[in-house]
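In what follows, a single structure is set out as structure tokens and then discussed.
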Amino acid sequence: MRKLRLIVLLYVLAGAAAYGFASPPKDHATPEDLLTTHNPVGRRGGRLVVSQHAEAKTLNPVLAVDRPSREVLGMLNADLIHINRLTHRTESALAKSWKVSRDGKQYTLQLRRGIRFSDGEPFDSQDVTFSFQVYLDKKSNSSQRDLLMIGGKPIEVAALGPYAVRVTLPQPYAAGDRLFDGIAMLPRHLLEQGYREGKLGQAWPLTATPAQIAGLGPFRLKQYTPGQQIALERNPHYWKADSKGNRLPYLDDLVFLVLPTENAESPRFQAGDTDIISQVGVKLFEDLGKDASQKYRLQDAGPGLEYNFLVFNLNDDVAGRLPAIEREQKWFKDLAFRKAVSQAVDRQGAVNLVYRGRGTALASHVTPGNPAWMDSRLQPRPASPEQARKLLASAGYGWNSEGLLHDRADQMVKFSILVSSNNQQRTVIANLIQQDLTKLGMQVTVVPLEFRSFVQRVLETHNYETAVMGFASGDTDPNGEINFWLSSGFNHFWNLGQKKPATDWEAEIDGLMEKQLTTRDQKARKKLYDRVQQIVAEELPIVVIASPHILVGSKLKLKNFEPAILGPYTLHNVEELFWEE
Amino acid sequence: MAYLVRRLLHTLFLLMGVSMLSFLFLQLAPGDYVSEMLLNPQVSPQTIAAMRTQYGLDRPLPVRYFDWVKAVAHGDLGYSFAYNLPVASLLGARARNTLFLTISAAVLAWLLALPLGVLAAEQRGGWYDWVLGMGTSTLLSTPDLLLPLVLLIFAVRSGRFPVGGMTSLDYSDLSAAGKLHDLVSHAALPVIALALTTLPVLVRHVRASVLDAMATPSLLTARAYGIRKNGILLRHTLRLAANPIITLGGLSIATLLSSSLLVEVIMSWPGLGPMLLEAILGRDFYVVIGAVMFSTVLLTLGNLTADALLYVVDPRTRVRP
Amino acid sequence: MRHIDRQLDAPYLMRHKRTIRWLVGFLLLLHLAALLAGFLAPYSPTAQNREFPYAAPTRIHFVDASGHFHLRPFVYGMEQSSGDRQIYTADSANVHSLRFLVRGEGYSLAGWWKSNLHLFGVDAPGKVFLLGTDAYGRDQFSRLWFGSQISLVTPLVATVISLGMGVTLGAMAGFWGGWVDEVIMRIAELFLAIPWLYLLFAVRAALPLSISPVGAFLLLVTLIGTVGWARPARLIRSVVLTTRQQDFVLSARAAGASSGSILRQHILPQTWGVVVTQAAILIPQYLLAEVTLSFLGIGVPEPTPSWGNMAGSVQQYSILTSYWWMLAPVMVIIPVMYVYDRLAAALHEPVKSSA
């Protein structure tokens, strides 16, 4: 008996030692630090049904990479600091407040006290350090790891007590608070054992039972039906309350329904089976508007962050390896040629045909959906084949008797535009560009390839001439796209794997991007990034074309609903949505 | 017995060949499961390389194939990259839904095809035969895509049928009778769409088989003696025609399985179809292989069952070489 | 006994022969028209009218707004209505006469004979879209004619390949039997069971970009044709198997004829019926294969028209329900398929009844 007591004592001591300080009192007396929201007060109850094009693949936040899984996980989990999808500013979430050190390298976060995971277990700083340990562990193979690496070094997270953590960045990083958005805090009490045994990859598959899973999000798992739906229920321990002190969320249930095609999605919304429809094709959106017995509202939230562009293959590694493409790079590397192409492209025509007017022609890669960062001095110019021809003629290009374009060395200008066949709108854009360039006497063909074949060519083998692609950052801040603009970045599509900047203007962009990274003054950063936009618009490594609008439909009785131009477009404030009587 | 052994050997050879070629083709198709992440601005090439190693995508194909064969021998079909789940458990849940759809469609198609085909053969050259011929030709000429789409539009416009899916959201709260009604009303349109795709072929084969049977000497004699349109004649004809019809029966399940893909995707039926399509585009290697093997096994099983049935029905086949 | 059957069916068979003649005649005419696509179509298949996407078929009038009858038909000019983007109103003040045999955009017939004469057209700046326009404002009627060139020829090519291989391999298997038969038939089984889709993906992606889009597609068709030999081979084999045992073959062999000459002179002619019937079955199958390939994004690429990639847009529920004229390619495919199918049935019938 005594021996047993001793063992228990040792066990407790060891536990406390592992903690590094005395355990927080885990009784119900600790008052909950609830976050109070300010939207109109709603009414409890009801079920919300939304559709997804594909089934979520996993409920494991460490491994999930596909969009449907991320959407569902966003409902089940919460982050420390959150980016408000409407204001685009950071706001308090699980961290009640935070302070940044003078050098911009240290963030001290005060956590909400007394809040609980969806299974009723308390949340404290140990869960935070555990979560970052998991994400940063190489063996976890988490896609979040690279996000938490700054300048090639991981961030460091240490507990300063049960309700405070200090995050140390290896180097100053502007807008470092935005890093925390979307990093789900994991329950140590459920996952630590699996993690120690190296079995985290097997944790929380779709077939997991609700009792095995817990999170800090507004909802928790209720039931999964293979191939059909994932049903979630209200998390009774959620840490937000409305201005009258009612605990959120208002909704009792949330169902994600799998509808593989747009063909199935819109009729079911129209029939009232689903309550919200988003990222719907423009044509369907317009057809929904023609329904006379409308029980829903349709909203055009304006341009999102997506920009579609034509990229020229300027990769240096094709030299000697792909002689045909190397020969064509003579034109692509010629600024006059790129300018002529940009001048010939009918951006407004693309907006009218591809997006039926529900899109915006672009002059820079920052869309009007991001007014805080867009350089509004740049304006899209109307297409002018005549000016494009003049540009070509003055750069030494000529036309043969059939009106076909050739370069100074009498080589006919003939190339292809690669496009992913999985994206219909981009395929149409490619065809429009093809037609526009044909007017200049260029012989252009469009080659649609299945998505993965496309990615392999553009990003791995570099065996393409030009390509139409689209890009949408998950954040309005330019740091989200830093790997796109740095000449050494792994998303620097037009010329990948540069050891040092290939051109002067790329070197200038590198300098500007690195400078804004450590600048803490917002106005100064904006100035630096404006210059990046100007360089891109002048040097045209990518010819930016247009941005589609975010189109959303929702039932009239659903209140507090407000679409955002940042993903998730519709469910970002799911805890505040409620059904009007 | 020797025949049975030979058949089994054939089947084994077929399964080996199909699996090897599937591995090869899937490998030839450019890109792999992780290549999508190359576009993600937040994932570095190093992480992608690490993922490739973790999923074993960097190992040579023959090694992966033999590992897979070894695993299959132990009843393990491999892991899905995307779901982090064993392929067998993924396929199982969806195969049930697909089989429910295809078997219902097969039963419906045969129930319609037998009387239609026999009648057409009986009245060969008559107006009924002619109308049926026109009908089957038109159905055969319609692109596969159009039929489920038209039925979908019908469902939306009429409002009588649920628009896609297999069950209502409240399915689990329904009574047993309610569940049955819910399932049947959801299944009605997909089953009809699927049955209509095989119906014309079945009708034609039934008609042709019955015609052939009627041309055999015994029945010709009977007809020459003026025995017509009575039960005995029909029964004899049908017995003679049974042989080719049964053979076709085995095949029809397999063809239904492949044409169910389109119907499932368009009518959002939670079967193998949508998952397979996604797995192909997403290069979820072992899911694709598993689904292909599943349909091959079903095809051979169909043929074997048909042969076994023939053995029972038609004594002549028992003395096969 | 057989005598009775023949007598019973003599008029029936006669009618069949007439049907076959009609059907073949129709197909020949269609192929000839496809050759003349440039002449029959008023516009180039790739010319975009960006101000008129999804325009409904142009109405042809004989009576004008003031009630006067015109002998020469005419069309009204179109203008975009301000409310809905894709609804166009006829402008009755803007009359353009329809004329036959007009000069227009240049084209070449069968690749060598250049011309700019079109069967019909309207006075500039009017436009006549007999079957409306597509998403790019291209004339569907013109695209259908140009599309028929690819859509009608590729199935023929693939069928010739399939049948060539099927007859060779099937005859070998049936004639020699033994291990040759065993090997060929096992491979045939394998070919019938394999999911070929991945191979198509793989080949399409591996092709060099410099190859023309149509060239790439032809290559795919060749591949489809190569893959499709198994079913005809099985049928040919069974015909050869039964023929091999018949008296005239046995006597030729007894007379010392070589295997080759027996195959050529006695056995292969017997397979003719099967070959023709199979052709009538395979051609429409391959015609539909092009539609499926376009659905998967590996068919004929834009802007080159084909019935397959034109029919592809109908997959979208909203297009199907709003713009009925987008169904035009499907409405063309169905009758052509129908004719082939009736032909196959008609060819099949006499073979069946006289067997």
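Numbers at a glance
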{"item": "Test: residue in segment A:421-440 that is away from every other protein chain (no Cβ under 14 Å) and assigned to a loop (DSSP other than H, G, I, E, B)", "result": "yes"}
{"item": "Qualifying residue in segment C:80-97 (condition: closer than 17 Å to residue C:57 by Cα, free of Cβ contacts under 8 Å to residues at least 40 places away in the same chain, of a type in the set (Phe, Trp, Tyr) and assigned to a strand (DSSP E or B))", "result": "yes"}
{"item": "Tally of residues being more than 9 Å from chain A (Cβ to nearest Cβ) and on the phi > 0 side of the Ramachandran plot across segment B:65-94", "result": "2"}
{"item": "Filter pass, residue A:282 being of a type outside the set (Lys, Arg), at pLDDT below 90 and under 27 Å from residue A:369 (Cα atoms)", "result": "yes"}
{"item": "Residue list for segment A:481-502, restricted to those being farther than 25 Å from residue A:178 by Cβ and touching a residue at least 12 places away in the same chain (Cβ under 8 Å)", "result": "A:494, A:495, A:496, A:497, A:498, A:500, A:501, A:502"}
{"item": "Restricting segment A:332-371 to residues that are of a type in the set (Lys, Arg) and over 19 Å from residue A:280 (Cβ atoms), the residue that is nearest to the other protein chains (Cβ to nearest Cβ)", "result": "A:347"}
{"item": "Checking residue B:256 against (1) modelled with pLDDT of 85 or more; (2) within 20 Å of the chain's Cα centre (by Cα), the condition it does not meet", "result": "(1)"}
{"item": "Qualifying residue in segment A:469-480 (condition: more than 21 Å from the chain's Cα centre (by Cα) and either within 14 Å of chain B (Cβ to nearest Cβ) or without any contact (Cβ under 8 Å) to a residue 60 or more places away in the chain (or both))", "result": "no"}
{"item": "Residue in segment B:177-185 that is within 14 Å of chain C (Cβ to nearest Cβ) and out of contact with any Leu (no Cβ under 7 Å at 6 or more places or on another chain) present", "result": "no"}
{"item": "Some residue of segment C:153-173 being more than 30 Å from residue C:240 (Cβ to Cβ) and either crowded, with 19+ Cβ neighbours inside 10 Å or modelled with pLDDT under 90 (or both)", "result": "yes"}
{"item": "Scan of segment A:281-297 for residues that are within 14 Å of chain C (Cβ to nearest Cβ) and among the aliphatic types (A, V, I, L, M), ordered by number", "result": "A:282, A:284, A:288"}
{"item": "Those residues of segment A:269-278 which are in contact (Cβ under 8 Å) with a residue 24 or more places away in the chain, over 25 Å from the mean Cα position of the chain (by Cα) and assigned to a loop (DSSP other than H, G, I, E, B), in sequence order", "result": "A:272, A:273"}
{"item": "Residue list for segment A:25-69, restricted to those being hydroxyl-bearing (Ser, Thr, Tyr) and either in contact with a helix residue (DSSP H, G or I) (Cβ under 9 Å, 6 or more places away or on another chain) or in contact (Cβ under 8 Å) with a residue 24 or more places away in the chain (or both)", "result": "A:30, A:36, A:37, A:51, A:58"}
{"item": "Members of segment A:279-295 that are crowded, with 21+ Cβ neighbours inside 10 Å and either assigned to a strand (DSSP E or B) or small (Gly, Ala, Ser) (or both)", "result": "A:281"}
{"item": "Search result, residues across segment C:239-275 that are of a type in the set (Lys, Arg) and touching a residue at least 24 places away in the same chain (Cβ under 8 Å)", "result": "C:244"}
{"item": "Boolean, residue A:166 is charged (D, E, K, R), over 30 Å from residue B:81 (Cα atoms) and modelled with pLDDT of 90 or more", "result": "yes"}
{"item": "Condition broken by residue A:72, with the remaining ones in (1) in contact with a helix residue (DSSP H, G or I) (Cβ under 9 Å, 6 or more places away or on another chain); (2) surrounded by 15 or more Cβ atoms within 10 Å (Cβ to Cβ); (3) at pLDDT 90 or above satisfied", "result": "(1)"}
{"item": "Residue match in segment C:268-290 (condition: more than 14 Å from chain A (Cβ to nearest Cβ) and closer than 23 Å to residue A:417 by Cα)", "result": "yes"}
{"item": "Complete set of residues in segment A:137-177 that are more than 12 Å from chain B (Cβ to nearest Cβ) and within 20 Å of residue A:490 (Cβ to Cβ)", "result": "A:150, A:151, A:153, A:154, A:155, A:170, A:171, A:173"}
{"item": "Residue match in segment A:401-414 (condition: surrounded by 19 or more Cβ atoms within 10 Å (Cβ to Cβ) and under 19 Å from residue A:468 (Cα atoms))", "result": "yes"}
{"item": "Top-ranked residue in segment A:442-468 [being surrounded by fewer than 20 Cβ atoms within 10 Å (Cβ to Cβ) and more than 8 Å from chain B (Cβ to nearest Cβ); ranked as farthest from the chain's Cα centre (by Cα)]", "result": "A:443"}
{"item": "Test for residue B:62: is it facing chain A (nearest Cβ under 9 Å) and either within 17 Å of residue A:452 (Cα to Cα) or surrounded by fewer than 17 Cβ atoms within 10 Å (Cβ to Cβ) (or both)", "result": "no"}
{"item": "Test: residue in segment B:8-26 that is modelled with pLDDT under 85, within 19 Å of residue B:280 (Cα to Cα), part of a loop (DSSP other than H, G, I, E, B) and within 14 Å of chain A (Cβ to nearest Cβ)", "result": "no"}
{"item": "Complete set of residues in segment C:130-160 that are under 20 Å from residue A:430 (Cβ atoms) and more than 17 Å from the chain's Cα centre (by Cα)", "result": "C:133, C:134, C:135, C:136, C:137, C:138"}
{"item": "Residue within segment C:291-302 that is in contact with a Ser or Thr (Cβ under 8 Å, 6 or more places away or on another chain), more than 14 Å from chain A (Cβ to nearest Cβ) and either part of a helix (DSSP H, G or I) or closer than 17 Å to residue B:144 by Cβ (or both) present", "result": "no"}
{"item": "Contacts under 6 angstrom Cβ, first residue in segment B:137-155 being over 17 Å from residue B:269 (Cβ atoms), partner crowded, with 22+ Cβ neighbours inside 10 Å and at pLDDT below 80, 6 or more apart", "result": "B:143/C:291"}
{"item": "Wholly within segment A:140-246, strands (runs of 3 or more DSSP E) carrying at least 2 residues that are free of Cβ contacts under 8 Å to residues at least 60 places away in the same chain and farther than 14 Å from residue A:130 by Cα", "result": "A:219-225, A:229-234"}
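Here is a yes/no grid of residues against (1) assigned to a strand (DSSP E or B); (2) at pLDDT below 85; (3) farther than 30 Å from residue A:464 by Cβ:
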position: A:260; (1), (2), (3): no, yes, no
position: A:264; (1), (2), (3): no, yes, yes
position: A:298; (1), (2), (3): yes, no, yes
position: A:301; (1), (2), (3): yes, no, yes
position: A:308; (1), (2), (3): yes, no, no
position: A:325; (1), (2), (3): no, no, no
position: A:340; (1), (2), (3): no, no, no
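The values are calculated or read from the model by the stated rules, or taken from the named source; none is laboratory data. None of these values were measured; they are calculated from a predicted model. Note that each Cβ is placed from the backbone with ideal geometry, even for glycine, and that neighbours are counted across all protein chains shown.
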